[in-house]
Amino acid sequence: MGFKCGIVGLPNVGKSTLFNALTESDKAEAANYLFATIEPNIGRVSVPDKRLEILSNIEKSEKTIPTYI
């Protein structure tokens, strides 16, 4: 099961900057003029969870894979 989400808002309010910060990349062009980003950008964001390490230690997992959106 996949989970998808989007960032929507008015023009020139920082959606691309937020996207770049969340994905820790520079995929989305962040410029100071209207409609700088027309095409959709796709990225992955990890979802940190403190419980994951605890569960991994209990089950003695060889590999721990965090959740991504």
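Since every read-out is calculated from the coordinates, none of them should be taken as a lab result. Since this is a predicted model, take the numbers as computed values, not measurements. FYI the Cβ positions are ideal-geometry reconstructions off the backbone, even for glycines, and counts take in every protein chain you see.
Numbers for the structure displayed
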quantity: Formal net charge of residues neighbouring Ala28 (Cβ-Cβ distance under 13 Å; K, R +1; D, E -1); calculated: -2
quantity: The chain, helix-only ellipticity at 222 nm - DSSP H runs n ≥ 4, -39,500 (n - 2.57), divided by all residues, nearest 500; calculated: -8000 deg cm²/dmol
quantity: Members of Lys4/Lys27; Lys27/Lys60; Lys4/Lys60 lying beyond 29 Å, as alpha-carbon distances in this model show; calculated: Lys27/Lys60; Lys4/Lys60
quantity: Loop-located trypsin sites (Lys or Arg not before Pro) in the chain whose Cβ has at most 15 other Cβ within 10 Å (DSSP); calculated: Lys4, Lys27, Arg44, Lys60, Lys63
quantity: Low-density loop cleavage sites - GluC sites (Glu not before Pro) in segment 1-65, where at most 14 other Cβ are within 10 Å (DSSP); calculated: Glu24, Glu29, Glu62
quantity: Whole-number percent relative contact order across segment 15-68, with pairs defined as alpha carbons under 8 Å at least 6 apart; calculated: 27 percent
quantity: Isotropic mean projected area of the C-alpha convex hull, segment 15-68 (nm²); calculated: 4.6 nm²
quantity: Of Leu18, Ser46, Ser61, farthest towards positive along the dipole that unit charges on Lys, Arg, Asp, Glu beta carbons give the chain; calculated: Ser61
